[in-house]
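Notes for the one structure printed next.
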Amino acid sequence: MKELTYTAAAREALTEEMARDATIFVMGEGIGKRGGNFNTTAGLFDLYGGVRLCDTPITERGFIGLAVGAAMTGTRPVIDFMFVDFILDGMGEIMNQMAKMQYMSSGRLTMPVVLRGCIGIGGASATHHSGNYYAMFANVPGLRVVVPTTPADAKGLFKTALRGYDPVLFLEHKSLLNTKGPVPEEDVAIPFGVARIAREGHSVTVVALTVMVNRVLQVADTLEKEGISVEVIDPRTVSPLDTDTICASIKKTGRALVVDEAFAPCGIGAEIAARVMETAFDELDAPVRRLNGAFVPTPYSPPLESVIVPSNDAIATAIRDLVRE
Amino acid sequence: MEAELDLVLRLYRTMAAIRLTEERLAQSHQAGLVHGACHTYVGEEAVATGVCAHLTMRDSVFSTHRGHGHALAKGVPMAEVMAELYGRELGCSQGRGGSMHLFKPEVGLMGTSGIVGPCILQATGAGYSSKLMKTGAVGVAFFGDGASNNGAFHEGLNLAAIYKLPVLFVCENNMYATEVPMSYAAGNTDVYMRAAGYNIPGIKVDGNNVLAVYEAAGTAIKRARAGEGPTLLECKTYRTRVHAEGMKESGYRPMEEIAAWKARDPLKLLREQAMRDEICGDPEFDEVHSSVAGQVAAAHKQAVESPYPEGRDALSHVYYEVQA
Ligand SMILES: Cc1ncc(C[n+]2csc(CCOP(=O)(O)OP(=O)(O)O)c2C)c(N)n1
């Protein structure tokens, strides 16, 4: 094991896979010599040159559409958006073309595209640089949606994305980019659709997404002292979504809370609650609860920004309430 | 002569207001008073100034991530711009937006945007409103060379051309989009030439010469108000500070180039021209300059003294609310 930041771990996956597979190329604004606004491609230009690390004009729709055509003709584009908010200009290309291409071609065409960039609220980024779009993308058949929390998962899941044949949204919460963690030395590709049990416990199951996993882990340490043993589950990918691991945990605890910075309506928590009802209703001692970010665009000013995100206190209260129910 | 003097000092005052506000904001950014991003307009003041000098409050301006100058030139009070970046209640967006989301529809500032491109389409929409309601108002989009390579540019200009809308498209060609040179990003770096593709006038102007911008914009706006359709105005200019405060000059552009453009400072160019034309001299400009400096200091004080908004304000205005 070695210690890497989240960004360095993902970059290592990209570097290794680009060495292994000459059809991979990266496109985006400032990802060439500059190495990416978030250092996602630092050093790669020197290794692989300007055709494989291609700087683009500000034409998101253009290069998403280009990626679709490139993937249909034998290459593997990785589009680096810095902020995933910028992807929205190309939604028609993604939802009508990229996501449906394998289906439309009856599987004769493949669509190995990775769309990556930062998501999430924090740092007074305001509303055009802070969206969490995973629930929306998870609503589209044909797309894979990956939301890693740890450096090891960032690397292992990125490898899987780069070796697969489906379009993948690889979404990196901006507050995680500089967090450090152990990463295996060996070549590990983590399969999609397998949740990680981030902490074992027996009183209550908390499913948390991206940055909220770390928040819930902090809270779980505090609650342990009160005699509440929290099991924390990180789904890692929301499409596919591993509800087996969640239901197995509920079998043990009888209670589940979903903590997600993203919006509640039509969100991942709603999907989890529905699936738990369908398959593990009899295991529940209380209704599945959700704790989400507020259903608003992201405000800028720090006192406004902080109230729209689940705080440690709010998480602790939600867990205590659920255990008492 | 009197009229000329008034105009020159009025333009100088606006440019100085932008310059000194931006310098204050850059300092505030270093001091941690600005919570998010801060893209300054230093070096490009002549563009917003020369264009907005023709606009009334009924004309609409749509701007970009680099929008402080457009906001100030359109009449948003300095204290409200600063307070917005400081995240305060007094801010023109009540602290919801910060640098890239400045709104003051009361004076026709219809917003700056964190997304590159939409201002071009929205100004086209303002032109459509004007045509439908016969208000005589003009829609103005300010955007960078980088934005001119976005699909929104093509779609907006073509729509405005076919409907003959009263719109002014102002491309601030500062030669770089973040760190990407226009010569890399565009097949033809002369944006004004693209107007021919839409059969509308395309004008190139020295964007550091405020009188030249003023004159070119005046012709275009007159044309728009007369119902003759849109114009593309390309202002060749330069951002003399980094792309966003906190970044470094990383070597993507030559230091000599920066120095050469600093020597073409739009405030200095206006002084020189006024002196050559014997309109006025340094004492008049210095007087304006120091009066603006006083206003900037007072505005900064007012902005930092403004309280932060209440957390619950974050939840309002997601949908229409009946005004009390
Ligand atoms: C759709 C979109 N893509 C990318 C960005 C990131 N971005 C912010 S500013 C900028 C460069 C803009 O260049 P230009 O339009 O020339 O304006 P300038 O900064 O030079 O004033 C980029 C790429 C964005 N804000 N929106």
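Observations on the model:
- Conditions (1) closer than 26 Å to B:A185 by Cα; (2) of a type in the set (G, A, S); (3) open to solvent by less than 10 Å² (accessible area, probe 1.4 Å); number of the one not met by B:G144: (3)
- All conditions in (1) within 17 Å of the chain's Cα centre (by Cα); (2) away from chain A (no Cβ under 14 Å); (3) more than 16 Å from the ligand (Cβ to nearest atom) hold for B:A123, with the sole exception of (3).
- Residue check for B:D265: touching a residue at least 24 places away in the same chain (Cβ under 8 Å), of a type in the set (D, E) and touching a Leu at 6+ places or on another chain (Cβ under 8 Å): no
- Remark: B:V81 falls outside the filter, which requires a residue to be closer than 30 Å to B:P309 by Cα and surrounded by fewer than 24 Cβ atoms within 10 Å (Cβ to Cβ).
For (1) open to solvent by 10 Å² or more (accessible area, probe 1.4 Å); (2) farther than 19 Å from B:H243 by Cβ; (3) within 15 Å of the ligand (Cβ to nearest atom); (4) outside any helix (DSSP H, G or I), each residue gets a yes or a no:
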position: B:L159; (1), (2), (3), (4): yes, yes, no, no
position: B:K164; (1), (2), (3), (4): yes, yes, no, yes
position: B:F169; (1), (2), (3), (4): no, yes, yes, yes
position: B:G187; (1), (2), (3), (4): yes, yes, no, yes
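- Flag for B:S250 being within 14 Å of chain A (Cβ to nearest Cβ), part of a helix (DSSP H, G or I) and of a type in the set (G, A, S): no
- Sole residue being over 21 Å from A:S130 (Cβ atoms) and assigned to a loop (DSSP other than H, G, I, E, B), chosen from A:P310, A:P287: A:P287
- Within segment A:190-203, the set of residues being among the aliphatic types (A, V, I, L, M) and more than 16 Å from A:V145 (Cα to Cα) comprises A:I197, A:A198.
- Put simply, of B:G227, B:G218 the only residue that is under 22 Å from the mean Cα position of the chain (by Cα), touching a residue at least 12 places away in the same chain (Cβ under 8 Å), away from the ligand (no atom under 16 Å from the Cβ) and outside any strand (DSSP E or B) is B:G218.
- In segment A:27-81, the qualifying residues are those that are more than 16 Å from the ligand (Cβ to nearest atom) and within 18 Å of B:Y184 (Cα to Cα), and the one that is nearest to the other protein chains (Cβ to nearest Cβ) is A:G50.
- Count - residues of segment B:298-324 that are part of a helix (DSSP H, G or I), surrounded by 12 or more Cβ atoms within 10 Å (Cβ to Cβ) and at the interface with chain A (Cβ under 9 Å from one of its Cβ atoms): 4
- Residue within segment A:34-43 that is open to solvent by less than 20 Å² (accessible area, probe 1.4 Å), under 24 Å from A:E16 (Cβ atoms) and free of Cβ contacts under 8 Å to residues at least 24 places away in the same chain present: yes
- Contacts under 7 angstrom Cβ, first residue in segment B:172-190 being away from chain A (no Cβ under 12 Å), partner part of a loop (DSSP other than H, G, I, E, B) and more than 10 Å from the ligand (Cβ to nearest atom), 6 or more apart: B:E172/B:G207
The values are calculated or read from the model by the stated rules, or taken from the named source; none is laboratory data. Just so it is clear, the model here is predicted, and its values are computed rather than measured. When we count neighbours, we look across all protein chains shown, and the Cβ atoms used for this are built from the backbone with ideal geometry, even at glycine. Heavy atoms of the whole protein, side chains included, go into the accessibility calculation; ligands, DNA and RNA do not. Shrake-Rupley method; radii C 1.70, N 1.55, O 1.52, S 1.80 Å.
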